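The values are calculated or read from the model by the stated rules, or taken from the named source; none is laboratory data. Here the structure is a predicted model, which means the values were calculated and not measured. Note: ideal-geometry Cβ built from the backbone for every residue, glycine included; neighbour counts use all protein chains shown.
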Amino acid sequence: MHTLINQLLSRADHIILGKSLQVRLAVCCLFCKGHLLIEDIPGVGKTTLAHTLAILMGMNYQRIQFTSDLLPSDIIGASIFDVDNHTFKFHPGPIFNQMVLADEINRSTPKSQSALLEAMEEQQVTVEGKTYPLPTPFFVIATQNPSHQLGTFPLPESQLDRFLMRIELGYPDHQAERELLKGSSRRSLIEKLTAHMSAEQLFVIQQKVIDVHVSDALLDYLQGIIAYTRISSDYAAGLSPRAGIALLHAAKAWAYMANRDAVLPEDVQAVLPSVAGHRLKPGSHDSQAIVAPILENVPVF
Amino acid sequence: MDVLTNRTLFVFLLTAIGLIALPHSSHLPGPLVIFFFVMLIWRFMGIWYPRWLPGKILLYGLTFTGLALLYQQHLGWFGRDPGTSLFMTALSLKLMEIKQQRDIYLIAYLAFIVAASQFLYEQSMFMAVYIVFVCSVLLAAMIMINGRQANIKASLKKAMAILMQVLPLTLIIFVFFPRVEAPRWLLFEDPNRAMTGLKDSMEPGSISDLGLSDELAFRVKFTGNIPPVASLYWRGPVFSYTDGKRWMQGRHQGTGMKPSVPEFNGDAYRYTLLMEPQDMPWVYALDMPAGFPGELFQNSDYQMLTRKEPDKRNEYQLTSLLQYNTGLLQEDERVRNTQLPGAVSPKIRHLITALQSGTQLTEQLVGNIMRHFREEGFSYTLRPPLMETNPIETFLFETRTGFCSHYAAAFVYLMRAAKVPARVVTGYQGGTLNEVGGFLEIRQADAHAWAEVWIKDRGWVRYDPTAAVAPERIDQTSYFQQQFGDELAQLVPRRNLQGSFEWLKTTRELWRSLDYSWQRWVINYHSANQLTFLASLGIAGLNKMIYWLIAGIAVFTALLSGYLLRQRQKPKDKALQLYARFCKKMTARGLVIRAGEGPQDFAGRINLVFPELAGPVDRITGLFIRYRYGKAPTKEDLSLLKEAISELRIKKGYSAKAKSRFNF
Amino acid sequence: MNALSLKDRFRLSRFFRGEKPVDGPIELNQRRIFILPSAPGFGFVILIFLLLLISFVYNNNLAYLLTFLLASIFFVTILHSYQSLSGLVLQQGQSAPVFAGEDAVFEVLIYNQTATARTQVQLSLENTLSFDIAAFSNCQARLQSRTSRRGWHHANTITCFSYYPLGLFRAWSPLRFNLKTLVYPKPWQYPLPLPQTLSGAAVSGITKRGVDDFAGVQTYYPGASIKSIHWKAFAKQQGLLVKQYSGTQGSELWLDYDETSGSVEERLSQLCRWVLDAEQQGLIYGLIIPGIRLSPDHGKTHQLNCLEALALF
């Protein structure tokens, strides 16, 4: 199973150049059933990353481009009058896919945003009194431009923690940039991609992630981190219990990806910026800087 | 936290107060005790029915009643009994008016005073333990006021813990705190309580508890040999007249004609007598004085009196001889010394007839009486029961226990009933040899009473009936020591005697020796005792005592604060301790683990600097991780880890290398 | 902890106001903890002397013994009082901004890292709280402080004290943290219509997009735009209703200092009310106060920025 994961990662790395850590985090997020928020300026490859992952994971995939005139029904679908049968028939929207790429989510109105967020939270969609379950697995990868761009509606802060992780891509480094410029277009590479694993395999992995051992010593450290965020005056509000659970899950997945059966403090530290950054300081975009005081001050032992 | 409505606290506090006051009910006037307990019960009811508690006006009425009762019962405010009653009454009245937390404190403090006053009545070990117990209950009540939850068990536990902690300090202060005798005017003398000092009369039946004062009466320095201790009778007032209860000097006793000079025999003892200040002009010469200075004179009872002021310390040079014959008896003396208060009761008459039967000589009668005392279950005690009516008969036939006065009085009474002239002589017996000064110290506790019988051709002959029952009282010096000392000596070897009965006896003896120690070391630890005891430890003088007191307190404080304030940390994980050793080894080589650094990251950092150590470091890290974070940590991992860490050797050279790498 | 100079060490204010404010955690130690007898403690001293007098007068060794026992208890209680606070670590927590007139709540965390359970540790600012803290545990105190003026509100000296166990001594430690909270102006209490003018619209340069995303209706409130009144419903005699559009109506509202009246504080108070109302109604609003101009936006962050600007004006 681990060779499978490693191959998956290396294949992804071929497409998304020089972003190995972000790719790993994104995969980690999917392994622990979390939704992912990718936040960065346009053109750094957010969509490419989402696209690549979806294909490699072998899931059916739909992209929704969020615009200011996008309506909730454009996401979840609508009941349309069927002339033949004289009945309303529900036409599922793009959300009924295993992987949904919500592109530029902050371009649409809060109403449309919340339609997506509600679906993410409840794993189902309710239209006109009828409930339609979403497929499993179900992932949302949302991309967002930094909110200070004009004409955007940043996600409500209270809803940000629906996303397990927020990652930033950033500019590629010198070497990667050069390869990007030299190589063929990413789009064509993606078109050539084939699925690397099946939904069943993903399910097995998710199960194994849950079984990763967490010792009391590690929980001490985790609680230390949570307590620190609640006390420290660096943060307006500390991590919620839900955030704590998210952190633990992510750390488990990270440990599993490193082929370990127990979580180490390093695992927690590795996922901490992505898991805690957007919860602690929604307005800021440098997750690493946000959690730096935690990593520095909370003793491991 | 409302202390004032906390029922548990109140029940607890009131119970403690009830327990404290309970022993007082045996010796305080009945009406006052009833008043106290009525108030206490009233207050108890008030816990559940606050409306029943007295209002302001009623409270004034109660206060007035209490004070009136107090005055009516004691006719005064000062002294032991009125004082105790005053505090009891104040406590009961204060109970009725609890409005603030402060009031509860005041009540607790009053209760402490009442508890302390208990010791003015009884000083037994039981009482001490009891009082300490009720004090701990009071402490627990105070803790309950300050702890949020009125948890009785936790509060009692804390109170006990505090008591245990303070005991050593209490003992230090007890031993070293200088005892100074209170000036006399401060003593509100209590008529019921006799100090063993001498008075101008003797009333054995009315005294139930003989105080054993260590106060010095006089000192004697012999200029030659010291006579045997058993013959050290220091003669004081002689009592010929009795009303049945009380013995005193007759109206013209001792003032008559000059006594006939006795006929002396044997060795003469010369000595200097240093009298401590006293009220009476009595000088206690060794029986019988032959030569004395001019400022002294002898009355017809051969008692020495001084013309000097007795309330100053005076010194006299005397000569005494132990063997003497006072010769004939004057007729008025014969009358005076056979006087009896009314007719002899049939019971006593019967006894004396029995004792007299078959005797020719007075000496034989004396011997019979002595044997009677010895063989008919008479015992010596310092705490005899009160014998208010007809003390002699009660003593002879019922209680059969008492101290010297009881024996002397009964003996003289019996002699007189047999128509033999006899009288009571009081004075001191024995003395403690001060080894350093080479003189005898005679203390108030050495006060004694014996008898003199007039025998034809021998004159007044001294008989000591106390010796019949408690020979040790006479034989040795400090009488406590022989009263209990023998038993102490017996305690150790006589073990393999028969069976459980012996065991019982041993227990009783053990108890007596304990009681003796209590008497000797606690109750009688007064100034003189303290000085002697501390001097024997090499601590002489007030200054040194205070130094030792301060030093003791300082040492105790240091120890206790060390005990209390040691910061007990959470017991650390074994693996962590081992890992800390590993980190220390690394620190020694210039690599310090950061607070937020995990073991793997640290290992990575080490491997960068010391690639040579990669093997052992990875092994240690792996084992540590497996033990601390792994699914199933085993003991084996721990021992392996221990081994690996102790095997880890970093050559000195590495340090320098590491530094150069850091610089790079 | 850094050493104190001799002068600082004996400064009287240290005993009551505490040392200079700090950010970090404060461990209560011999430098921070002061102990003096309480009123009952002084009473206890009198009791001891009284008992000493009784023992002295009657020369009674058991009474002496009891007296010494109580004296020892008094003495040892000093240590116990010290123990009731020593080793505790106090740390400032977070504090949320409040509106003037409300109680600011400061969070203080008490850590007991020692094996000694603490009873009745009390913490006081303007309210007094008491805690029992078990060994190796912690607790959270929420201390209140009444605010009256907008701006930064600094917490006064927080006193941590204890009378435990016997109430004979008060051990206390005055603590000063860098605890401050932002106090927003008190929102105008009376109904206040939002300004109608779109004074800054031209400046913003955003093209108006009419997203008429109908969100529902609301009963009429004074100042509602005539255009938004649901006339059809009014015609059906359903009362005067106002149509609500979600998110934005494609226009910005400028909350301008110059459009308010009254004293400075009254003006800020009115602006505060507007900011709250505008955010609640989902409007896009900007704020103009002398020297500060916050471009139109909406959302929690924007609202907080606006309120902060008002508070610190």
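Could you run through the stretch A:246-301 and say how many residues are among the small types (Gly, Ala, Ser), out of contact with any strand residue (DSSP E or B) (no Cβ under 8 Å at 6 or more places or on another chain), away from every other protein chain (no Cβ under 13 Å) and over 15 Å from A:Val209 (Cα atoms)?
Residues meeting the conditions: 2.
If I ask for residues that are among the aliphatic types (A, V, I, L, M), facing chain B (nearest Cβ under 7 Å) and over 18 Å from B:Ile550 (Cα atoms), which ones from the stretch C:47-74 would you list?
Hits for the stretch C:47-74 are C:Leu47, C:Leu50, C:Leu51, C:Ile54, C:Val57, C:Leu62, C:Ala63, C:Leu66.
Output the residues belonging to the stretch B:60-84 that are in contact (Cβ under 8 Å) with a residue 24 or more places away in the chain, part of a helix (DSSP H, G or I) and closer than 21 Å to C:Tyr58 by Cα.
Selection gives B:His74, B:Arg80, B:Asp81, B:Gly83, B:Thr84.
So in the stretch B:116-137, with the set limited to residues that are hydrophobic (A, V, I, L, M, F, W, C) and surrounded by 23 or more Cβ atoms within 10 Å (Cβ to Cβ), which one is nearest to C:Pro40 (Cα to Cα)?
Restricting attention to the stretch B:116-137, the residues satisfying the condition of being hydrophobic (A, V, I, L, M, F, W, C) are B:116, B:119-120, B:125-129, B:131-135, B:137.
Adding the requirement that they be surrounded by 23 or more Cβ atoms within 10 Å (Cβ to Cβ) leaves B:116, B:119, B:131, B:134-135.
Numbers: B:Ala116: 19, B:Phe119: 25, B:Ile131: 22, B:Val134: 20, B:Cys135: 17 Å.
Within the stretch B:116-137, the match that is nearest to C:Pro40 (Cα to Cα) is B:Cys135.
If you go through the stretch A:151-170 one residue at a time, do you hit one that is within 14 Å of chain C (Cβ to nearest Cβ), assigned to a strand (DSSP E or B) and either among the aromatic types (Phe, Trp, Tyr) or crowded, with 17+ Cβ neighbours inside 10 Å (or both)?
no
Would it be correct to say that B:Ile20 is more than 14 Å from chain C (Cβ to nearest Cβ) and either on the phi < 0 side of the Ramachandran plot or not charged (D, E, K, R) (or both)?
On the way: more than 14 Å from chain C (Cβ to nearest Cβ): no; either on the phi < 0 side of the Ramachandran plot or not charged (D, E, K, R) (or both): yes.
No.
For the stretch B:21-38, name all the residues that are among the hydrophobic types (A, V, I, L, M, F, W, C) and outside any helix (DSSP H, G or I). Reasoning before the result, please.
To start, the set of residues in the stretch B:21-38 that are among the hydrophobic types (A, V, I, L, M, F, W, C) comprises B:21-22, B:28, B:32-38.
Result: B:Leu28, single match.
Please enumerate the residues belonging to the stretch B:137-167 that are closer than 16 Å to C:Leu79 by Cα and either basic (Lys, Arg) or not in a helix (DSSP H, G or I) (or both).
B:Lys158, the sole residue that qualifies.
Just the residues that are under 17 Å from the mean Cα position of the chain (by Cα) and among the hydrophobic types (A, V, I, L, M, F, W, C), please, taken from the stretch A:251-267.
To start, the set of residues in the stretch A:251-267 that are under 17 Å from the mean Cα position of the chain (by Cα) comprises A:251-254, A:257.
Scanning the stretch A:251-267 gives A:Ala251, A:Ala253, A:Trp254, A:Met257.
For the stretch C:99-121, check the following and say yes or no: at least one residue is closer than 30 Å to B:Ile113 by Cβ and assigned to a strand (DSSP E or B). So that I can check it myself, show each step before the final result.
Applying the first criterion (closer than 30 Å to B:Ile113 by Cβ) to the stretch C:99-121 yields C:119-120.
Then keep just the ones that are assigned to a strand (DSSP E or B); that gives C:119-120.
Yes.
Which residue out of C:Ala115, C:Ala100 is modelled with pLDDT under 85 and in contact with a Lys or Arg (Cβ under 7 Å, 6 or more places away or on another chain)? Steps first, answer last, please.
Numbers: C:Ala100 fails: modelled with pLDDT under 85.
Answer to the selection: C:Ala115.
When B:Trp521 is evaluated against the numbered criteria (1) at the interface with chain C (Cβ under 10 Å from one of its Cβ atoms); (2) more than 19 Å from C:Phe68 (Cβ to Cβ), which criterion, by number, is the only one it fails?
Status for B:Trp521: all satisfied but (2).
When you look at B:Phe87, is it within 11 Å of chain C (Cβ to nearest Cβ), over 21 Å from the mean Cα position of the chain (by Cα) and part of a loop (DSSP other than H, G, I, E, B), yes or no? Steps first, please.
On the way: within 11 Å of chain C (Cβ to nearest Cβ): yes; over 21 Å from the mean Cα position of the chain (by Cα): yes; part of a loop (DSSP other than H, G, I, E, B): no.
No: the conditions fail for B:Phe87.
Restricting attention to the stretch C:285-313, report how many residues are at pLDDT 80 or above, over 22 Å from the mean Cα position of the chain (by Cα) and not hydroxyl-bearing (Ser, Thr, Tyr).
11
Taking the stretch C:75-98, which residues are within 14 Å of chain B (Cβ to nearest Cβ) and assigned to a strand (DSSP E or B)? Please lay out each step first, then the result.
Going residue by residue through the stretch C:75-98, those that are within 14 Å of chain B (Cβ to nearest Cβ) are C:75-89.
Once the filter is applied, which keeps residues that are within 14 Å of chain B (Cβ to nearest Cβ) and assigned to a strand (DSSP E or B), the stretch C:75-98 yields C:Leu88, C:Val89.
For B:Val335, work out the one condition from (1) part of a helix (DSSP H, G or I); (2) crowded, with 19+ Cβ neighbours inside 10 Å; (3) aliphatic (A, V, I, L, M) it doesn't fulfil.
(2)
Read through the list (1) outside any loop (DSSP other than H, G, I, E, B); (2) of a type in the set (A, V, I, L, M, F, W, C); (3) facing another protein chain (nearest Cβ under 9 Å); (4) within 30 Å of the chain's Cα centre (by Cα), then give the number of the only condition that C:Phe44 fails.
Failing condition for C:Phe44: (4).
Of the conditions (1) among the aliphatic types (A, V, I, L, M); (2) in a strand (DSSP E or B); (3) modelled with pLDDT under 85, B:Ala290 fails just one. Which one is it?
If we test B:Ala290 against (1) among the aliphatic types (A, V, I, L, M); (2) in a strand (DSSP E or B); (3) modelled with pLDDT under 85, just (3) comes out false.
Only one of A:Leu30, A:Leu21 is crowded, with 16+ Cβ neighbours inside 10 Å and out of contact with any Cys (no Cβ under 7 Å at 6 or more places or on another chain); which?
On the way: A:Leu21 fails: crowded, with 16+ Cβ neighbours inside 10 Å.
Just one listed residue meets the conditions, A:Leu30.
Tell me, which helices (runs of 4 or more DSSP H) wholly within the stretch A:1-81 include 1 or more residues that are without any contact (Cβ under 8 Å) to a residue 24 or more places away in the chain, of a type outside the set (S, T, N, Q) and more than 19 Å from A:Ala115 (Cβ to Cβ)?
On the way: elements: A:2-15, A:20-31, A:46-56, A:72-76.
Fully inside the stretch A:1-81 and qualifying: A:2-15, A:20-31.
Does A:Leu248 meet the test of being at pLDDT 90 or above and under 24 Å from the mean Cα position of the chain (by Cα)?
It is true that A:Leu248 is at pLDDT 90 or above and under 24 Å from the mean Cα position of the chain (by Cα).
For residues that are farther than 14 Å from C:Ile54 by Cβ, without any contact (Cβ under 8 Å) to a residue 40 or more places away in the chain and of a type in the set (A, V, I, L, M, F, W, C), tally how many sit in the stretch B:85-101.
Total meeting the criteria: 1.
How many residues does the stretch C:129-169 contain that are within 14 Å of another protein chain (Cβ to nearest Cβ) and under 14 Å from C:Asp103 (Cα atoms)? Give the derivation first.
Looking only at the stretch C:129-169, we keep the residues that are within 14 Å of another protein chain (Cβ to nearest Cβ), and these are C:129-142, C:152, C:154-155, C:161-169.
Subsequent filtering for residues that are under 14 Å from C:Asp103 (Cα atoms) retains C:142, C:152, C:154-155.
Of the residues in the stretch C:129-169, 4 are within 14 Å of another protein chain (Cβ to nearest Cβ) and under 14 Å from C:Asp103 (Cα atoms).
Can you tell me which residue is modelled with the lowest pLDDT among those in the stretch A:46-94 that are among the β-branched types (Val, Ile, Thr) and within 26 Å of A:Ser198 (Cα to Cα)? Can you show your working first?
Kept after step one, since they are among the β-branched types (Val, Ile, Thr), are these residues of the stretch A:46-94: A:47-48, A:52, A:55, A:64, A:67, A:75-76, A:80, A:83, A:87.
Narrowing further to those that are within 26 Å of A:Ser198 (Cα to Cα): A:47-48, A:52, A:55, A:64, A:75-76.
Details: A:Thr47: 80, A:Thr48: 84, A:Thr52: 87, A:Ile55: 85, A:Ile64: 88, A:Ile75: 86, A:Ile76: 84.
Only one residue fits best here, namely A:Thr47.
Could you go through the stretch A:186-206 and let me know if any residue there is touching a residue at least 24 places away in the same chain (Cβ under 8 Å), of a type outside the set (Lys, Arg) and within 14 Å of chain B (Cβ to nearest Cβ).
no
If you take just the strands (runs of 3 or more DSSP E) that sit entirely in the stretch B:368-473, which of them hold at least 1 residues that are over 33 Å from the mean Cα position of the chain (by Cα)?
Values: elements: B:422-429, B:432-434, B:439-443, B:447-455, B:459-463.
In the stretch B:368-473, B:422-429, B:447-455, B:459-463 are the strands (runs of 3 or more DSSP E) which contain 1 or more residues that are over 33 Å from the mean Cα position of the chain (by Cα).
Only one of B:Ile131, B:Ile41, B:Ile104, B:Ile57 is within 14 Å of another protein chain (Cβ to nearest Cβ), more than 28 Å from the chain's Cα centre (by Cα) and part of a helix (DSSP H, G or I). Can you tell me which? Let's see the steps before the verdict.
Values: B:Ile131 fails: more than 28 Å from the chain's Cα centre (by Cα); B:Ile41 fails: within 14 Å of another protein chain (Cβ to nearest Cβ); B:Ile57 fails: within 14 Å of another protein chain (Cβ to nearest Cβ).
Result: B:Ile104 is the single residue among B:Ile131, B:Ile41, B:Ile104, B:Ile57 that is within 14 Å of another protein chain (Cβ to nearest Cβ), more than 28 Å from the chain's Cα centre (by Cα) and part of a helix (DSSP H, G or I).
Mind listing just one residue for me: the one in the stretch B:353-380 that is hydroxyl-bearing (Ser, Thr, Tyr) and more than 17 Å from B:Asp464 (Cβ to Cβ) and, of those, surrounded by the most Cβ atoms within 10 Å (Cβ to Cβ)? So that I can check it myself, show each step before the final result.
The first filter runs over the stretch B:353-380 and keeps only residues hydroxyl-bearing (Ser, Thr, Tyr), leaving B:353, B:357, B:359, B:362, B:379-380.
Next cut, more than 17 Å from B:Asp464 (Cβ to Cβ) only: B:353, B:357, B:359.
Values: B:Thr353: 11, B:Ser357: 9, B:Thr359: 14.
Result: B:Thr359.
Report yes if some residue within the stretch C:100-111 is of a type in the set (Ser, Thr, Tyr), within 14 Å of chain B (Cβ to nearest Cβ) and touching a residue at least 24 places away in the same chain (Cβ under 8 Å); otherwise report no. Walk me through how you get there before you give the answer.
First, the residues of the stretch C:100-111 that are of a type in the set (Ser, Thr, Tyr): C:111.
Narrowing the set further to residues that are within 14 Å of chain B (Cβ to nearest Cβ) leaves C:111.
So of that shortlist, the ones also touching a residue at least 24 places away in the same chain (Cβ under 8 Å) come out as C:111.
Yes: one or more hits.
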